[in-house]
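See structure below.
The values are calculated or read from the model by the stated rules, or taken from the named source; none is laboratory data. Only a predicted model underlies this, so the values are computations on that prediction, with no experimental measurement involved. With ideal geometry, Cβ positions are generated from the backbone for all residues, glycine too; neighbour counts draw on all protein chains shown. These accessible areas exclude ligands, DNA and RNA; they are computed on the full protein's heavy atoms, side chains included. Shrake-Rupley method; radii C 1.70, N 1.55, O 1.52, S 1.80 Å.
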Amino acid sequence: MTEKKVYDIIIVGGGPAGLVAATYAVRSNMKTALLEKAVFGGQAASTSKEIENIPGFDKISGMEFAMQEHAKAEAHGLQTYYDEATEFKFGKDEHQVKLYGGETIYGKAVILSMGVEPRRMGLEDEIALTGRGISYCVECDGNFFKDKVVTICGGGNAAMDAVFYLSKLVKEINIINDTPDFLAMPLYVKRLQALVAEKKNINIFHQTVLTKLNRGANNKLASVVAKNTKTGKETLIETEGVFVNIGRYPSTDIIKGKINLNEAGYIITNDLMETNVMGVYAAGDVRANVLKQVAVACGEGSIAAVSASKYVRTKK
């Protein structure tokens, strides 16, 4: 019979909130497990720029910060599962977390830090063409489009990051923005304007959305149809890649009906990161907070771990 694996604290998600929570938990002598299905660092690890708002660092990449924090936690006894949660069963004294690999682990406390997922455009063939021209991670896939024509959907900070990153690699960039002006920070917009003047290979389409994705002979993306929402004019754009940066949504589908969420699907907590379920906490971008920043996530992760540790001690 397989031995039941019971932890003091199970942390779901290896972004900044989850990693800092893990460090605080193990340093509090909590037997701690961390689940991460993809890459440590979450959204911070996928940014093209160095992060400047983490206390203690002048500048550091999201990936480097994540690797350092994970190594520090493992050095103090963290158990890492490279897996994802597929089901939660929250109980009075113990919580069950079923993993994709089939195993079930148990925790006296659980910290939810699953982060957010990229929002899709909702177009026909979008899912089928993902990995065949459609991408949601410029740092992951940008190098595949060297010297090619690409299209970026979005007008916020993430879209600007994508432009800055790809401008060093690709032949031409088309920016599809559904609003009259960019929603990115003024500093980003100013930098983009300078880049457009310098490169002269960046085309901007305001008040425009993509309406169709066209495949080529190799069954990969070959072109898109862009429609101006003000005039109704449609434009065929030949492009081999579309990088989608139109927002994020919380990864909370798995806990709907089990944990209180707000209208947008983010987890509701109090100042101690406690959810409505005893022994269950939330931290980071998945939480209903006013600012999605690495420094905020780190702070919330530390609070969640301290709160969870105090709770677990009351159960011993």
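Which GluC sites (Glu not before Pro) from region 229-266 combine a DSSP loop assignment with at most 15 other Cβ atoms within 10 Å?
Working: sites: Glu234, Glu238, Glu240, Glu263; in loops: Glu240, Glu263.
Answer by residue number: Glu263.
Highest GNM mean-square fluctuation, the chain, Cα pairs closer than 10 Å: which of Lys230, Lys171, Lys212?
Lys230
Quick one: which of 115-122, 132-139 comes out on top by average Cβ neighbours within 10 Å, and what's the full order, highest first? Numbers along the way, then the final one.
Details: 115-122: 16.2, 132-139: 21.1.
Ranked by mean Cβ neighbours within 10 Å, highest first: 132-139, 115-122.
Quick check: at a probe of 1.4 Å, how many percent of the accessible area of region 136-217 sits on carbon and sulfur atoms? Don't jump to the answer; show the numbers that get you there.
Numbers: 2340 of 4260 Å².
Of the solvent-accessible surface of region 136-217, carbon and sulfur hold 55 percent.
Cross-link partners among lysines for Lys199, C-alpha distance below 20 Å, same-chain residues fewer than 8 apart left out?
Excluding near neighbours in sequence, the set is Lys49, Lys146, Lys148, Lys168, Lys171, Lys190.
Towards the positive end of the charge dipole of the chain, with charges on Cβ (+1 Lys, Arg; -1 Asp, Glu), say which of Val224, Gly101, Leu187 has the farthest Cα.
Result: Gly101, furthest along the dipole toward the positive end.
Might you report the magnitude of the Cβ-based charge dipole of the chain about its Cα centre, with Lys and Arg at +1 and Asp and Glu at -1, to the nearest 20 debye? Mind showing how you got there, number by number?
Details: 38 positive and 36 negative charges, 37 e Å.
It works out to roughly 180 debye.
For the pair Asn260 and His76, how long in nm is the line joining their label points, each one 7 Å along Cα→Cβ?
3.0 nm
So what is the relative contact order of region 247-316, in percent, for Cα pairs below 8 Å that sit 6 or more residues apart? Display every interim value, and only then the final one.
Working: 78 pairs, mean separation 17.7, N = 70.
The normalised contact order for region 247-316 reaches 25 percent.
For region 264-316, which whole percent of the accessible surface, found with a 1.4 angstrom probe, sits on carbon and sulfur atoms? The partial results should precede the final answer.
Details: 1410 of 2330 Å².
Carbon and sulfur together cover 61 percent of it.
Please calculate how many Å² of accessible area the chain carries per residue, with a 1.4 Å probe and no DNA, RNA or ligand atoms counted. Intermediate results must be reported in sequence, preceding the final value.
On the way: 15850 Å² over 316 residues.
Averaged over the residues of the chain, the accessible area is 50 Å².
How far is it, in nm, from the label point at Met278 to the one at Gln68 when both lie 7 Å from their Cα along the line to the Cβ?
4.0 nm
Using the Cα centre of region 229-313 as origin and beta-carbon charges of +1 (Lys, Arg) and -1 (Asp, Glu), tell me which of Pro250, Ser309, Thr269 is placed farthest towards the positive end of the dipole.
Ser309
Considering only DSSP beta bridges with both partners in region 122-228, what is the antiparallel share in %, to the nearest 5? Intermediate values should be presented prior to the final figure.
On the way: 7 of 17 bridges.
That works out to approximately 40 percent antiparallel.
List the aspartates and glutamates whose alpha-carbon lies under 12 Å from that of Lys292, not counting same-chain residues fewer than 8 positions away?
Answer for Lys292, where 12 Å is the Cα cut-off: Glu300, listed by chain and number.
Which FRET efficiency value, to the nearest 0.05, is calculated for Gln207 and Asn29 with the Förster distance at 51 angstrom and r the Cβ-Cβ distance? If you can, show how the numbers build up before the last one.
On the way: r = 57 Å, r/R0 = 1.11.
According to the calculation, E is roughly 0.35.
If you count the DSSP beta bridges with both ends in the chain, what percent of them are antiparallel, to the nearest 5? Could the numbers behind the result be given before it?
Values: 27 of 61 bridges.
Taking every DSSP beta bridge with both residues in the chain, the antiparallel ones total about 45 percent.
In debye, nearest 20: dipole of region 198-300 around its Cα centre with unit charges on the Cβ of K, R (+) and D, E (-)? Walk me through the intermediate numbers first.
Details: 13 positive and 10 negative charges, 116 e Å.
Approximately 560 debye in magnitude.
Find the relative contact order for region 163-316 and round it to a whole percent, using C-alpha pairs within less than 8 Å whose residues are 6+ positions apart. It would help to have the intermediate numbers written out before the result.
Working: 191 pairs, mean separation 18.7, N = 154.
Answer for region 163-316 is 12 percent.
What do you get when you divide the Cα radius of gyration of the chain by 2.2 N^0.38 Å, with N the number of residues?
Working: Rg = 21.5 Å, N = 316, 2.2 N^0.38 = 19.6 Å.
Relative to the 2.2 N^0.38 Å estimate, the chain comes out at 1.09.
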